[in-house]
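Working notes, beginning with the structure itself.
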Amino acid sequence: MLHHYPEPGVDCGVSDSSRWWQALSAPELRLVIADDAIECLLFDRAWLPGKRVALRSHHREVFVVEGQEILPPETVWQCLHTMLAPLAGQRWHVVIVLSNQYARWLVLPWQAEILSQADKTAYYRHGLQQAFGADAHDWQLRAQGGAYGQPTLLNALPLALINRLQAVLQTYHLAPGVITSAWTLTANQSLQLMRQQRLPQAGWIICRESGSLTMACLMQGHWQQMRQIAVDAHWAHTLKQCLLREQVMYPDRAALPVFLSQAALGADTRQMLSPFQVVEVQPSGRLGASSQPMWQSEVA
Amino acid sequence: MQRLKFNHVASRVPGPFALLIGGGLLIFLAVLIAIYDQLAHENAALQQQWQRRQTLLAPQPSISHQPVVDQALAAEWLAAQQALNTPWLALLQDLEQAQQVPVYWLQLAPDAKRQHLRMTVLAQRRQQGWAWLDQLKKQPSLTNVKLNASEATEVNGLRMTTLQLEAAWTF
């Protein structure tokens, strides 16, 4: 389950969507899919870009699962069908947020001699294969390069998952505008916070889910490292241990603040993560703690 | 640091900003075309105006009337012109060239209008008259030389032959 307060227009902007005209003219249907939960959030239409939107409804289904798979289990697909059935044929801007457990992230160093797009794709695939093995064969890649000489951030999702999602949506005459990973939303929210509060573009940007933490290191506006760690209920302790290890290996990263969603923070999280500085990322609009699910059910 | 856009939905539709820029360029182009069209119309109108002005300022062409000429005068003018163009000198030279034998002219009546000559001469002997006739036939300006009549006559006690000839005068 993703611990993130949504903020349409900030964590997922209009220009990010392949169907941006729908993002401008239709209400948003956001599906957050993970192994252990699936969430359906309905937002009112944003009449103007950047305008705050109101949450219309929030429905969460929680599953009891064992282990983690590359693709969501059948119970998730069945639940997705159930959620989409009443929305069939309606006009929605569909945003699908996939759990980080389905995604692969990688920071690849700059290579001056790689210029053409074909060479870049081969380089990305090779890097992904080196990091994640043969599993990365049928993955769809998306890369976002930094400035000249800076590393490239790489994201991969299983092609089978994307195709199946599109097939399910097609069944209900819906077309996705965005299919992205959960960490992207957290990162965009954190970057927005940095811009608004004029913070230096540096820190650990962390996306918390029930069973994992996805953390990326940003220094001077460039991505340095990205990793995923499995956690349990004592996630704060695990995170602190991880940060301490990083501090030993890279002393220049010792003073970096930790950007965590307000949804992920517990009462004593700040104290547990001490001496690291924790920056609370919260949506600037009315969406926040109030975006707790209106309906929540549990499926065994 | 720009936003992250890791969208796994493939799309060929250009983004809103690209579309906005493209739309702006199209509108700009349309405005340019409209301005060009208006200027072209104004230019054409100005050219027409300038041509009208040039036409008004240009000197009026003189109206050429056919001169009124009296028919009789025109006939006289034509006759005079024909008389001036008649090759009298060429005829005189031809006649002088033919007169290698002594003959005495009694009459020479050239008619330039009809291009005809009538001649009457006296020759001491008949053969001299015929020889002169042969010479006349060789002249380029005279054709169809005919001897109409020849008769013996006596002039001051001398026996002479009168020859009457006519010929076509070619010029």
Checked region A:78-131 for anything in contact (Cβ under 8 Å) with a residue 60 or more places away in the chain and assigned to a helix (DSSP H, G or I); matches are A:79, A:80, A:81, A:84, A:85, A:87, A:100, A:101, A:102
Would you call residue B:68 out of contact with any helix residue (DSSP H, G or I) (no Cβ under 9 Å at 6 or more places or on another chain), surrounded by fewer than 10 Cβ atoms within 10 Å (Cβ to Cβ), among the β-branched types (Val, Ile, Thr) and away from chain A (no Cβ under 14 Å)? yes
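With the requirement that a residue be of a type in the set (D, E, K, R) and more than 21 Å from residue A:275 (Cα to Cα), what does region A:220-248 give you? Reasoning before the result, please.
Our first condition is that a residue be of a type in the set (D, E, K, R); within region A:220-248, this holds for A:227, A:232, A:240, A:245-246.
A:227, A:232, listed by residue number.
For (1) part of a strand (DSSP E or B); (2) closer than 30 Å to residue B:84 by Cβ; (3) assigned by TED's automatic domain parsing to the domain that holds residue B:111; (4) not charged (D, E, K, R), each residue gets a yes or a no:
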site	(1), (2), (3), (4)
B:130	no, no, yes, yes
B:133	no, no, yes, yes
B:136	no, yes, yes, yes
B:139	no, yes, yes, yes
B:147	yes, no, yes, yes
B:150	yes, no, yes, yes
B:153	yes, no, yes, yes
B:161	yes, no, yes, yes
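Evaluate region B:41-60: report whether one residue or more is surrounded by 10 or more Cβ atoms within 10 Å (Cβ to Cβ), basic (Lys, Arg) and within 14 Å of another protein chain (Cβ to nearest Cβ).
Our first condition is that a residue be surrounded by 10 or more Cβ atoms within 10 Å (Cβ to Cβ); within region B:41-60, this holds for B:41-53.
Now restrict to residues that are basic (Lys, Arg): B:52-53.
This time we only want the ones that are within 14 Å of another protein chain (Cβ to nearest Cβ), so: none.
No, region B:41-60 contains no residue that is surrounded by 10 or more Cβ atoms within 10 Å (Cβ to Cβ), basic (Lys, Arg) and within 14 Å of another protein chain (Cβ to nearest Cβ).
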Here the residues within region A:239-261 that are in a helix (DSSP H, G or I) and either closer than 17 Å to residue A:2 by Cβ or without any contact (Cβ under 8 Å) to a residue 12 or more places away in the chain (or both) are A:239, A:241, A:244, A:245, A:247, A:248, A:249, A:251
Only one of A:53, A:76, A:14 is crowded, with 19+ Cβ neighbours inside 10 Å and within 14 Å of chain B (Cβ to nearest Cβ), namely A:14
Checklist entry - Taking residue A:264, is it surrounded by 17 or more Cβ atoms within 10 Å (Cβ to Cβ), away from every other protein chain (no Cβ under 14 Å), at pLDDT below 90 and not in a helix (DSSP H, G or I)? => result yes
Selection over region B:1-40 where residues are at pLDDT 95 or above and either surrounded by fewer than 10 Cβ atoms within 10 Å (Cβ to Cβ) or polar (S, T, N, Q) (or both) yields a count of 1
Can we say residue A:182 is closer than 19 Å to residue B:6 by Cβ and at the interface with chain B (Cβ under 10 Å from one of its Cβ atoms)? no
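Looking at A:44, A:36, which is the one that is in contact with a strand residue (DSSP E or B) (Cβ under 6 Å, 6 or more places away or on another chain), without any contact (Cβ under 8 Å) to a residue 24 or more places away in the chain and more than 14 Å from chain B (Cβ to nearest Cβ)?
Values: A:36 fails: without any contact (Cβ under 8 Å) to a residue 24 or more places away in the chain.
Of the residues listed, the single one that is in contact with a strand residue (DSSP E or B) (Cβ under 6 Å, 6 or more places away or on another chain), without any contact (Cβ under 8 Å) to a residue 24 or more places away in the chain and more than 14 Å from chain B (Cβ to nearest Cβ) is A:44.
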Those residues of region A:201-215 which are within 14 Å of chain B (Cβ to nearest Cβ) and out of contact with any Leu (no Cβ under 8 Å at 6 or more places or on another chain) amount to A:214
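Using the structure shown, decide if residue B:107 is assigned to a helix (DSSP H, G or I) and on the phi < 0 side of the Ramachandran plot. Lay out the reasoning, then the answer.
Numbers: assigned to a helix (DSSP H, G or I): no; on the phi < 0 side of the Ramachandran plot: yes.
It is false that residue B:107 is assigned to a helix (DSSP H, G or I) and on the phi < 0 side of the Ramachandran plot.
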(1) free of Cβ contacts under 8 Å to residues at least 24 places away in the same chain; (2) at the interface with another protein chain (Cβ under 8 Å from one of its Cβ atoms) all hold for residue A:198 apart from (2)
| request: Determine, yes or no, whether residue A:282 is surrounded by fewer than 20 Cβ atoms within 10 Å (Cβ to Cβ), in contact (Cβ under 8 Å) with a residue 60 or more places away in the chain and in contact with a Leu (Cβ under 8 Å, 6 or more places away or on another chain). | output: no
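Would you check if residue A:116 is polar (S, T, N, Q) and more than 14 Å from chain B (Cβ to nearest Cβ)? Can you show your working first?
Numbers: polar (S, T, N, Q): yes; more than 14 Å from chain B (Cβ to nearest Cβ): yes.
When the stated conditions are applied, residue A:116 passes them.
Can you say whether residue A:187 is surrounded by 12 or more Cβ atoms within 10 Å (Cβ to Cβ), touching a strand residue (DSSP E or B) at 6+ places or on another chain (Cβ under 6 Å), at pLDDT 90 or above and within 12 Å of another protein chain (Cβ to nearest Cβ), as far as the supplied structure shows?
Numbers: surrounded by 12 or more Cβ atoms within 10 Å (Cβ to Cβ): yes; touching a strand residue (DSSP E or B) at 6+ places or on another chain (Cβ under 6 Å): yes; at pLDDT 90 or above: yes; within 12 Å of another protein chain (Cβ to nearest Cβ): yes.
The answer is yes for residue A:187.
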Exception for residue B:121 within (1) of a type outside the set (Phe, Trp, Tyr); (2) surrounded by 11 or more Cβ atoms within 10 Å (Cβ to Cβ); (3) assigned to a helix (DSSP H, G or I) falls at (3)
Counting only residues in region A:145-165 that are at pLDDT below 90 and either facing chain B (nearest Cβ under 9 Å) or in contact with a helix residue (DSSP H, G or I) (Cβ under 9 Å, 6 or more places away or on another chain) (or both), the one surrounded by the most Cβ atoms within 10 Å (Cβ to Cβ) is identified as A:146
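The values are calculated or read from the model by the stated rules, or taken from the named source; none is laboratory data. For clarity, every value in this text was computed on a predicted model and none was experimentally measured. Cβ sites come from the backbone with ideal geometry, for glycine too, and all protein chains shown count toward neighbours.
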